[in-house]
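The block underneath contains the structure these notes are about, expressed in structure tokens.
Please treat every number below as a calculation from the coordinates, not as lab data. Treat the numbers as computed from the prediction; the structure is a model and nothing was measured. When we count neighbours, we look across all protein chains shown, and the Cβ atoms used for this are built from the backbone with ideal geometry, even at glycine.
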Amino acid sequence: MAGYQGELAALGAAFLWAGAALLFEQIGRRVHSLEINLLKGTIAAFLLGITLLVTGSLHWDLPLPALLLLLASGALGIGVGDTAYFETLQCLGVRRSLLLGILAPPIAAILGLVFLGETLSLTAWLGVLVTVLGVAWVITEQTPAEAGRACALRRGVVFGLAFAFCQAGGAVLSRLVFNQTSVSPLATAFIRLAAGIAILVLWLALRRQKVLTWTRGAGAGRVAILVLVVSMFGTYFAIWLQQVSFKFTDVAVAQTLLSTSPLFGLLIAALRGEKPSLRAVLGALVAMAGVSLLFGLI
């Protein structure tokens, strides 16, 4: 299994994100998306800092260009991307939000074509089309549970596309750093989170948005516990595993496997007694087939 550590890490992160998404949706009913992102990022960064200290990995030798790439990756993927994701959750729910994340691999392929000069075959472009069609088929389905959501479908899709774009951009930037340096995944996870936190603090300051107002309401203790749980599993462990996947396998393969969250999400929903529609299952499979086709996995 040692030869597949990058692939296994990506699948582990995808599973953790699927589980965390259910909790993020609950927290979002009480806490603004920007504040959720800041809280879970700060807690996870604290845990990563302790881990770096315990493992003796606090010192890393990074050239300035590589450090700037990592900071940009964190600002884009975590500061902006995760905030867009939480907004998507409130608009579209867990099922459709996770499925929109499947668009990240083909977007990464397009970014690679534009910025890195990577070329795509006709088969790969067919994969892009199949992926988009699979996602579109599912997100346009309106279930009774989603019919009463306050956010419009269009708003949710816009935020979902922003999330997918930021995920893809952050992945490409992280992979560039690993190609150029020998920095550890743990250190890159900490640096990316720090950049994301800085963006969020600035964003909240510009909005003059108050934080922690939810702590004065009923049920604040339960919300705080949920925030701690998702910070540890959905951010601390998940982003560490994500960076491991970027280091030990191609970014295309890593992003593909990271995008299997919807399949884990359907499984978790089934275990909770929720019965996904046939359209949801088929749409997820079509989208994943498109992603696999894109990168020659089938």
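Worth a mention:
- Computed [θ] at 222 nm, deg cm²/dmol, the chain (DSSP H ≥ 4; -39,500 (n - 2.57); rounded to nearest 500): -24500 deg cm²/dmol
- Of Ala252, Val138, Leu202, farthest towards positive along the dipole that unit charges on Lys, Arg, Asp, Glu beta carbons give region 2-294: Leu202
- Mean separation of Cα pairs under 8 Å and 6 or more residues apart, divided by the residue count, gives the chain a relative contact order of 42 percent.
- Shown here: Cα extents along the principal axes in Å, derived from the displayed model; of the candidates [x] 53, 43, 37; [y] 58, 39, 38; [z] 56, 52, 38, it corresponds to [z].
- The slack in the chain from His59 to Thr215, taken as 0.36 nm per residue of separation less the alpha-carbon distance, amounts to 52.5 nm.
- Relative contact order %, region 1-138, counting alpha carbon pairs below 8 Å whose residues are six or more apart: 27
- For the pair region 1-53 and region 153-187, the centres of their Cα atoms are 14 angstrom apart.
- For the chain, with +1 on Lys and Arg beta carbons and -1 on Asp and Glu, the positive-most of Val230, Gly6, Thr55 along the dipole: Val230
- Selected from Leu48, Leu67, Leu122 as most flexible by GNM, with the chain as the system and alpha-carbon contacts under 10 Å: Leu122
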